[in-house]
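Below is one structure. I have some questions about it.
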Amino acid sequence: MPTAARTGPARQEARRLGTIASLMAATLDLLVERGYGGLTMAGVAGRAGVSRGALTHYYPVKDALVIAAARHALDEEMARIARTAPPSGTPAQVFMALLDASERFFLAPSFTAHVELSVAARTAPALGCEYLPMIRAYRTRFDTAWIRALMRAGLTPAAAGDLVTMTNHALRGLGLSACHPDGRQAVPRDLPAIRRRLWLQLAGDPATPDPMAIDTIGAD
């Protein structure tokens, strides 16, 4: 009996977490496909395969749903960064790791969902009050982690801060372009030049290895 008693609540919790995960994935997918204006509660419930009642049990209104989905995506990314902490090593090696993390955020389909929410927050104060502080806090945590990693690798605080800031601007711009299918097709063409210029202009010198060749470092 004790075993059965423990199994019942555990099964219910697993079902609850599974339902929430399905709702988060469906919300992010529909934000990308239809935009904030085109996303509906009924559409999310249908995509997730749950009843409308199950959806409103967890998230009674649309803004609560999209905020939860955005927080879910950001928490997953921070957990991924924690698992692959900024490495020690040369400035070039740490910079390449920074680029990988930045590309994962700005060039992922979920970035389009964040763009949709940022634009919607301009004219939806309730959404903006929740979403904008959340995304700012995430970016602060991200930037601080990589500035510290670059400083451990030998960059000055000013150089590390500049490199992270300019990486954000460059990759955010490429990510915004990639929100449209035509822009996404240009990413493989534009990304190598962005990588090279960021390194050479902000942290490199003529003796620094080209970052496009750094992938081979440590391969032996």
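The values are calculated or read from the model by the stated rules, or taken from the named source; none is laboratory data. Since the model is a prediction, treat every value here as computed from it, not as a measurement. So basically every Cβ, Gly included, is an ideal-geometry build from the backbone, and we count neighbours across all protein chains shown.
I'd like to check which helices (runs of 4 or more DSSP H) are fully inside the range 99-210 and have at least 2 residues that are at pLDDT 90 or above and over 30 Å from Ser88 (Cα atoms).
Result: 109-121, 125-152, 157-178.
Consider the range 52-98. How many of its residues are assigned to a helix (DSSP H, G or I) and in contact (Cβ under 8 Å) with a residue 24 or more places away in the chain?
Matching residues across the range 52-98 total 26.
Surrounded by 13 or more Cβ atoms within 10 Å (Cβ to Cβ), closer than 27 Å to Tyr59 by Cβ and without any contact (Cβ under 8 Å) to a residue 12 or more places away in the chain: is that true of Ala186 in this structure?
Answer is no for this residue.
With the structure loaded, tell me whether Ala42 is part of a helix (DSSP H, G or I), among the hydrophobic types (A, V, I, L, M, F, W, C) and at pLDDT 90 or above or whether it fails that test.
Here the answer is yes, as Ala42 does meet what is asked.
Which numbered condition trips up Ala73, out of (1) over 29 Å from Leu200 (Cα atoms); (2) out of contact with any Leu (no Cβ under 9 Å at 6 or more places or on another chain)?
Only one criterion in (1) over 29 Å from Leu200 (Cα atoms); (2) out of contact with any Leu (no Cβ under 9 Å at 6 or more places or on another chain) is unmet by Ala73, namely (2).
When you scan the range 15-28, how many residues do you find that are within 16 Å of Ile67 (Cα to Cα) and surrounded by fewer than 19 Cβ atoms within 10 Å (Cβ to Cβ)?
Total meeting the criteria: 4.
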